[in-house]
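Heads up, the thing below is written out as structure tokens.
Derivation of every value follows stated rules applied to the coordinates shown; laboratory data play no part. Predicted, not measured: the structure shown is a model, and the values here were computed from it. When we count neighbours, we look across all protein chains shown, and the Cβ atoms used for this are built from the backbone with ideal geometry, even at glycine.
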Amino acid sequence: MELRLVHELLDKPVLDEARRYVGRVDGVVLELRRGAQPRITAFEIGGRVWARRLSPRIARWAVSLGERWPALANGVTRISMQDVRRTGITVSVKCDGRTTPAMRWEHWLRRNVISRIPGA
Amino acid sequence: MKRLLELSLGIVTSIGGFLEAGSIITAVQGGAVFGYQLLWAIALGTVGLMLLVEQSGRLACVSGRTVGDALRERFGINFFVIPLVTGLIVSFLVLASEIGGVSLALQMATGISLQWWALPVAFAGWFLLWKGTFGIVEKGTSLLGLVTIVFIVAALKLHPDWGEVTAGLLPTRPSHDRARYWYLVVSIIGASISPYLYMFYSSGVVEDGWGVDDLSTNKATAVLGMSFGGVLSAAVLVVAALVFLPRGIQVERYEQAGLLLPPVLGHAGFVLFLASLGIACFGATAEITLAMAYLVAQGLGWDWSENAKPKENTRFSLTYTVMILLAGVVMTLGVDPLKLTNFSMMLTAASLPVTVVPMLVLMNDEALVGDHRNRWFGNVALGALSIIAIVVLLSAVPLQVMGGS
């Protein structure tokens, strides 16, 4: 299937099977094939991924920040294109977004910070 | 009937939420030095804002995407970081100046220094966001903001020469102090067309679940709400022109603005000025803080909604918590709120191209807005606004140096 990478995938919001936001498509994993068009095998979500797109220096900074405060760092979430239902204005995937590393920081903040503030 | 009620409420909240620290102070300064001569800058800023509000609302109604979403999705992260970073810096300074505006109103009411008020004001703003819903934040503060209609009452009581007022709507060359004149023109445009306003508006359209059926409501809210709001700003300038200019009062301290209404309305005028300043700035405080959290959350793909409980969107609620408290801390450090307001309005004006120019692309993208994309008039108007925004950007630094003191 031919896919317009920028128009239909990159930077689009990712919704899980319950239509919850998981993140945005921050990067793609390409398989380079001799004599054929490259194939998108997966996409990735995570601060480190988009930092890599901005500049190598920002990417290194993002990695070292994650190493210093692992609790505050989301890991990189990689979702196979086989799990993608639909691309376009949004990208729908066949998985539970709550269990992905993309939501780790959200869960940590809920448990350790926000829930402790009255009225949350 | 429901739609008519919603439309009326939308227009009323646009009027009540129009004025804030920047629009009040730049209009007062403009009227005090140049009489009605700067009314055209308010008119230009209002038309520009009307255009951007209508188009960002249309984008959100048709595509379900906010301006923040669309900027990231259409242009990618490498471009998106520019409006993200400039938007956050500029909005943070405007937020601090709004907290300064509320604190100053409280200082003038109680005699207790604004530095003592800054953190309680930031906390009150945070509490509103923490406990409130989008409707309460937007409509509640804006309905209270209707007190700012006092400026129209005062302007009418002063019986301005309507011929001269109308003449002020056409740009004229200043007879004196040219640098100051153009500095105020740019500041007034910055105060009128703050990017946070249309970012906030498009997020509100999504929060309220508007769709294609609401396009006429969106247009009416943008045109009527912003027009009446512009009249409010113009009324502030007219009152300043009739009260301050003949007395030779140039506003060099925020407190001087408190003298604006007493000559017209007596002691009640002073109280109403403080109420207007306090409420208008408090409403803007809540809206700017939300707009910043919206921009970050939408750009980075986090869950966001002011209508959800804070623990349901923790990164979003933590972002607004940190922003508003930090801005409160800045105002406890003794920053001059007038200088900060003037500087942040100039910076707002200079930041316009990074959001205005891309709107031209977004509003012509068939994938986003389909048949509701801009016609020739929308494109010509937005193109002209983009050119003005670029001219403003290029002139902002020299004007800040020459006319900002």
Between B:Val357 and B:Asp371, what length in nm is gained on full extension when 0.36 nm per residue of separation is reduced by their alpha carbon distance?
3.0 nm
Subtracting the Cα-Cα distance from 0.36 nm times the residue separation, let me have the gained length for B:Lys309 to B:Asp336 in nm, one decimal.
6.2 nm
Stick to Cα atoms and the Kirkwood definition of Rh, then tell me Rg/Rh for segment B:279-342.
1.04
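Taking square-rooted eigenvalues a ≥ b ≥ c of the alpha carbon gyration tensor, is segment B:50-152 rounded, prolate or oblate, where a/c under 1.5 means rounded and, failing that, a/b exceeding b/c means prolate?
Judged from the Cα gyration tensor, segment B:50-152 comes out prolate (a/c at least 1.5, a/b above b/c).
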Give a residue-ordered list of calculated ³J(HN,Hα) values for segment B:203-210 (Karplus: 6.51 cos²θ - 1.76 cosθ + 1.60, θ = phi - 60°; whole Hz; x for Gly, Pro).
5, x, 4, 6, 4, 7, x, 5
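Which value, in debye to the nearest 20, describes the size of the charge dipole of segment A:5-116 about its Cα centre when Lys and Arg Cβ atoms bear +1, Asp and Glu Cβ atoms bear -1, and nothing else is charged? Don't skip to the answer; put the middle values down first.
Working: 22 positive and 11 negative charges, 40 e Å.
So the magnitude is around 200 debye.
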Note the direction-averaged projected area, equal to a quarter of the hull surface, for the Cα convex hull of chain B, in nm².
18.5 nm²
Using per-residue counts of other Cβ atoms within 10 Å, averaged over each peptide, order A:94-106, B:218-230 from highest down.
B:218-230, A:94-106
In straight Cα distance, which lysines are under 17 Å from B:Lys309, not counting same-chain residues fewer than 8 positions off?
B:Lys131
Would you work out which of B:Val361, B:Ala284, B:Leu237 lies farthest towards the positive end of the dipole of chain B, given +1 charges on the beta-carbon of Lys and Arg and -1 on that of Asp and Glu, about the Cα centre?
B:Leu237
Taking the simple approach of a point 7 Å from Cα along Cα-to-Cβ for both B:Asn379 and B:Val397, what is their distance in nm?
3.3 nm
Compare the Cα positions of B:Met323, B:Trp40, B:Leu19 along the charge dipole of chain B (+1 at Cβ of Lys, Arg; -1 at Cβ of Asp, Glu; about the Cα centre) and return the one farthest towards the positive end.
B:Trp40
Quick query: amide H of A:Gly75 versus all other amide H atoms, modeled in the peptide plane; which residues come in under 5 Å with a sequence gap of 5 or more or a different chain?
A:Arg104
How would you order B:171-184, B:65-78, A:27-40 from highest to lowest mean count of nearby Cβ atoms within 10 Å?
B:65-78, B:171-184, A:27-40
Filtering trypsin sites (Lys or Arg not before Pro) in segment B:298-402 by DSSP loop and by at most 13 other Cβ atoms within 10 Å leaves B:Arg375
Show me, for segment B:257-264, the HN-Hα J-couplings you get by feeding each phi into the Karplus relation (A = 6.51, B = -1.76, C = 1.60, θ = phi - 60°), rounded to Hz, glycine and proline as x.
4, x, 7, 5, 8, x, x, 9
Rank B:Ala286, B:Ala105, B:Ala381 by mean-square fluctuation in a GNM of chain B with C-alpha springs under 10 angstrom and give only the top-ranked residue.
B:Ala381
I'd like the mean, over residues of A:45-53, of how many other protein chain beta carbons sit within 10 Å of each residue's own Cβ.
2
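Mind checking the mean number of beta-carbon atoms from other chains within 10 Å of the Cβ atoms in A:4-11?
3
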Charge dipole (segment A:46-120, unit charges on Cβ, about Cα centre) - positive-most of A:Ala102, A:Gly66, A:Ala51:
A:Ala51
Point-to-point label distance, B:Val81-A:Arg85, nm (Cα→Cβ direction, 7 Å offset):
3.4 nm
Taking segment B:236-318 on its own, what percent of its Cα-Cα pair distances exceed 17 Å?
61 percent
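Over all residues in B:307-317, what is the mean tally of Cβ atoms on other chains that come within 10 Å of each residue's Cβ?
5
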In nm, give the distance between the simple-model label positions of B:Ile390 and B:Lys131, each being 7 Å from the Cα along the Cα-to-Cβ direction.
5.0 nm
What value, in deg cm²/dmol to 500, does the helix sum -39500 (n - 2.57) over DSSP H runs of n ≥ 4 give at 222 nm once divided by the residues of the protein assembly as shown?
-21000 deg cm²/dmol
So which of A:Lys94/B:Lys311; B:Lys139/B:Lys219; A:Lys12/A:Lys94 end up more than 20 Å apart by C-alpha?
A:Lys94/B:Lys311
Here the gain from full extension of B:Leu245 to B:Thr166, 0.36 nm per residue of separation minus their alpha-carbon distance, amounts to 26.6 nm
Relative frequency of Cα-Cα separations exceeding 46 Å in the protein assembly as shown, percent:
14 percent
Hey, can you rank B:352-359, B:201-208 by average C-beta count inside 10 Å, highest first?
B:201-208, B:352-359
What do you get for Rg/Rh of segment A:1-108 when both radii come from the Cα atoms and Rh is the Kirkwood radius?
0.99
For segment B:346-358, 3J(HN,Hα) per residue [Karplus equation, 6.51 cos²θ - 1.76 cosθ + 1.60, θ = phi - 60°, Hz, x = Gly/Pro]:
5, 5, 4, 4, 5, 7, 4, x, 5, 10, 6, 4, x
Residues with amide H under 5 Å from that of A:Ala42, placed H, sequence gap 5 or more
A:Val29, A:Met81
